[in-house]
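Participant: Below you'll find the structure I mean.
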Amino acid sequence: MKPENISQLPPYYAPFADAPLRILQISDCHLYANPGRCLAGLNTQSTFDAVLDLIEQEFGSTDLILATGDLVHDASPQGYARLRERLEQMASPVYCLPGNHDSPAVMSQTLNRGKVQMLEMVQLQNWLIVMLDSTVPGREGGHLGAAQLEILEHQLQQNIHCHALICLHHHPLPINSAWMDRMVLDNPTVFFQIIDRFAQVKGILFGHIHQEYMSWWKQVQLLGVPSTCIQFTPQLDQFNLDRVPPGLRWLELHPDGSIETGVRRLSAMPTKLDLSVAGY
């Protein structure tokens, strides 16, 4: 049965081609209503703009940009409006999903126009991209409710001929970092039971962890991405800021279902990072 809340907005179709789909992922931008505000000493608007400038300089032929949550730290309409205005300037469509710092309702009211959309799925060539909402109001950790799991299963069933990339904000499995793993997806078993039933799933893309990450669930790639602002040091049990620059993930989705991917960062770490902060 088709879930009642499946988006009525039409998916974006591109004609089949031998060339791979070129997709970029940005995440955890943590913008504010006030563009002058900083997070751990970094001006998040400035670093966000710098990453988008990098995209425009080096990734001109991109088919799609995916923005995987924590886009506006204070969930303000002003922050989302400025995010949308900046993303509208990009050459590619941008599809967004919420993170634990976002308000899905405010996002939907502000972003769903022009190139910047919140869709539950998009089909490009022979690839299906499913965008899930793993947020829980008032909680930092993630959960996929029954409606989201229905969306996942329904879209995979209805598009069995397509390779699939699944996107959500929260990491679905622990990453060997105790403080971050307290905010992991809390119902991965039922999520992966669905994934295991559909061999066309090739990758799971997420934000939240503010660091480059890659591992496997059976034959499925699990891919995390740097933030466009502050970075977290991998594999530490306590909160710690890393000194590596902000960045993005690029992906090439090939017609045969294979994925090539990597991370591109700014050439230098922005100044004024405050390493003394104990959380965010």
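Residues checked against (1) under 16 Å from the mean Cα position of the chain (by Cα); (2) within 14 Å of Cys29 (Cα to Cα); (3) buried (at least 21 other Cβ atoms within 10 Å of the Cβ):
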site: Ser61; (1), (2), (3): no, no, no
site: Ser76; (1), (2), (3): no, yes, no
site: Asp102; (1), (2), (3): yes, yes, yes
site: Ala105; (1), (2), (3): no, no, no
site: Asn112; (1), (2), (3): no, no, no
site: Leu119; (1), (2), (3): yes, no, no
site: Val130; (1), (2), (3): yes, no, yes
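Participant: Give me a count of the residues in segment 43-56 that are of a type outside the set (A, V, I, L, M, F, W, C) and either modelled with pLDDT under 95 or touching a helix residue (DSSP H, G or I) at 6+ places or on another chain (Cβ under 8 Å) (or both). It would help to see each step written out before you state the result.
Facilitator: Within segment 43-56, the subset of a type outside the set (A, V, I, L, M, F, W, C) is 43-47, 49, 53, 56.
Narrowing the set further to residues that are either modelled with pLDDT under 95 or touching a helix residue (DSSP H, G or I) at 6+ places or on another chain (Cβ under 8 Å) (or both) leaves 45, 49.
Result for segment 43-56: 2.
Participant: Take Ala91 and decide whether it is farther than 25 Å from Thr271 by Cβ and without any contact (Cβ under 8 Å) to a residue 40 or more places away in the chain.
Facilitator: Working: farther than 25 Å from Thr271 by Cβ: yes; without any contact (Cβ under 8 Å) to a residue 40 or more places away in the chain: yes.
Against the criterion (farther than 25 Å from Thr271 by Cβ and without any contact (Cβ under 8 Å) to a residue 40 or more places away in the chain), Ala91 qualifies.
Participant: With His163, His143 as the choices, which residue is over 18 Å from Ala67 (Cα atoms), touching a Gly at 6+ places or on another chain (Cβ under 7 Å) and in contact (Cβ under 8 Å) with a residue 40 or more places away in the chain?
Facilitator: On the way: His143 fails: touching a Gly at 6+ places or on another chain (Cβ under 7 Å).
Result: His163 is the single residue among His163, His143 that is over 18 Å from Ala67 (Cα atoms), touching a Gly at 6+ places or on another chain (Cβ under 7 Å) and in contact (Cβ under 8 Å) with a residue 40 or more places away in the chain.
Participant: Among the numbered conditions (1) in contact (Cβ under 8 Å) with a residue 12 or more places away in the chain; (2) surrounded by fewer than 18 Cβ atoms within 10 Å (Cβ to Cβ); (3) out of contact with any strand residue (DSSP E or B) (no Cβ under 6 Å at 6 or more places or on another chain); (4) within 25 Å of Leu24 (Cβ to Cβ), tell me where Ser215 comes up short.
Facilitator: With respect to (1) in contact (Cβ under 8 Å) with a residue 12 or more places away in the chain; (2) surrounded by fewer than 18 Cβ atoms within 10 Å (Cβ to Cβ); (3) out of contact with any strand residue (DSSP E or B) (no Cβ under 6 Å at 6 or more places or on another chain); (4) within 25 Å of Leu24 (Cβ to Cβ), Ser215 is out only on (3).
Participant: I've got another one for you. Please list, ordered by residue number, the helices (runs of 4 or more DSSP H) wholly in segment 145-204 having 3 or more residues that are buried (at least 17 other Cβ atoms within 10 Å of the Cβ).
Facilitator: Helices (runs of 4 or more DSSP H) meeting the threshold: 146-158, 188-197.
The values are calculated or read from the model by the stated rules, or taken from the named source; none is laboratory data. Worth saying up front: this structure is predicted, and the values here are computed from it rather than measured. All Cβ positions, glycine included, derive from the backbone under ideal geometry; neighbour counts span all protein chains shown.
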